[in-house]
Each structure stands twice: as structure tokens, then as C-alpha cells.
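Undergrad: Mind having a look at this structure? Questions to follow.
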Amino acid sequence: MATMAFTHSNQSLLHPRSFAVKDDCFCLFEGTLENLASLRQEYGLSKCVNEVLFVIEAYRTFRDRAPYPACKMVGHLEGQFAFVIFDRGTKTVFTAADSNGKVPLYWGITADGCLSFSGDAELLKAACGKSLASFPQGCFYSSASGLRSYEYPKNKVMGIPTMDGEMCGTTFKVEHENISASMV
């Protein structure tokens, strides 16, 4: 079972929130894509396609034309954004956030084992407890392949426990080549 909740309350004027459904793909998108016009042209989409519809189309393209890597699809997005897609047909969740973290996105595991996302940490705090964390910048999550960096797709994303008393139980860091090279 999956649920997706959406509201316009507390919406930022700089990061509009939108929701769309197309062919069993449900998408909640917050933010803006600075290169939307060129992406529409590259994908052969009409000028009336907005950010949320574009993300669904891009997701479907990578899903249907495997092994087109998800890091390439998300890596083409320029702007300030966070989105969550639920693909009812494949029962897959796909989530990503921009590399600057300008659009807040939090995630955690509820007491009954459900993965939850929100732009408001307070909404998840009671349900997720210490598993609540900020979604890592420049990363994407797929229920099929886990958490990965789209900027450094070959590098590991490591969870680092935070100190007691802090809101989030884990922060995430992408292992960079210079870090792993200096450890050798």
C-alpha cells in the first residue's frame, strides 16, 4: 500500500509545488527548472509541459529504455528542485533533490515501516523519530536501486550518524575521489 499527500499550505513563492499523474506515475514536484525550455526541446515535448510533467516524462524515458541510467536523467536538471515519483505500475518510488539543497526535503521510516517524504520536518518528526533525516543534496533514491549520487554516480553515499539530541538521526555524504585516494 502507498499513499501520497499534497497541500499548497506553507508553499514558498520561490519554489512552487505541483502535482500530476500520468500513466500510473504520480509526481509531486517543488521548485523550478532553469533549463526547462531546452529540456522540452531535447525530449520533443510541447511548450505547455511544466516541470512536474517533464519529470514524469523523463522518468518514464529512463524506466522504459533501460539501461539508461537514472543519474543521467537527474543530472540534466538545472535549478532548485525536489521531487517524489510513485510508479504504481512498477511499485517503485523515485526521489531526487538538487545539488544545492535549496528546496527542503526530509525522509524517514515510520513505526510501521513505511518510507515517508515531506518538505516539512515537523510533519514527519512524530512518525519517523530518530530515522528522520534531510534528503541528501545531489542525490536520488530509487526503491529498486537505493540511494545514489547523480553528480558522482560511481562514488558511495555514506550515512553518518549524528550526535544524540539533534533532530535528524543520520546525515549523508558522498565519498569523493580525492577522499578515497588520500586513504590509500
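Undergrad: Would you mind stating whether L28 is modelled with pLDDT of 90 or more, of a type in the set (A, V, I, L, M) and surrounded by fewer than 19 Cβ atoms within 10 Å (Cβ to Cβ)?
TA: Judged against the criteria, L28 is not a match.
Undergrad: Could you please find all residues in the range 59-94 being hydroxyl-bearing (S, T, Y) and at pLDDT below 90?
TA: Within the range 59-94, T61, Y68 qualify.
Conditions (1) of a type in the set (V, I, T); (2) touching a residue at least 12 places away in the same chain (Cβ under 8 Å); (3) outside any loop (DSSP other than H, G, I, E, B); (4) in contact with a His (Cβ under 7 Å, 6 or more places away or on another chain), marked per residue:
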position	(1), (2), (3), (4)
R40	no, yes, yes, no
T61	yes, yes, yes, no
M73	no, yes, yes, no
Q80	no, yes, yes, yes
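Undergrad: Can you tell me which residue within the range 103-115, out of those that are buried (at least 18 other Cβ atoms within 10 Å of the Cβ) and of a type outside the set (A, V, I, L, M, F, W, C), is farthest from E30 (Cα to Cα)?
TA: Here the answer is G108.
The values are calculated or read from the model by the stated rules, or taken from the named source; none is laboratory data. Remember, predicted model here, so these are calculated numbers, not experimental data. Positions of Cβ are generated from backbone atoms using ideal geometry, with glycine treated the same way; all protein chains shown enter the neighbour counts.
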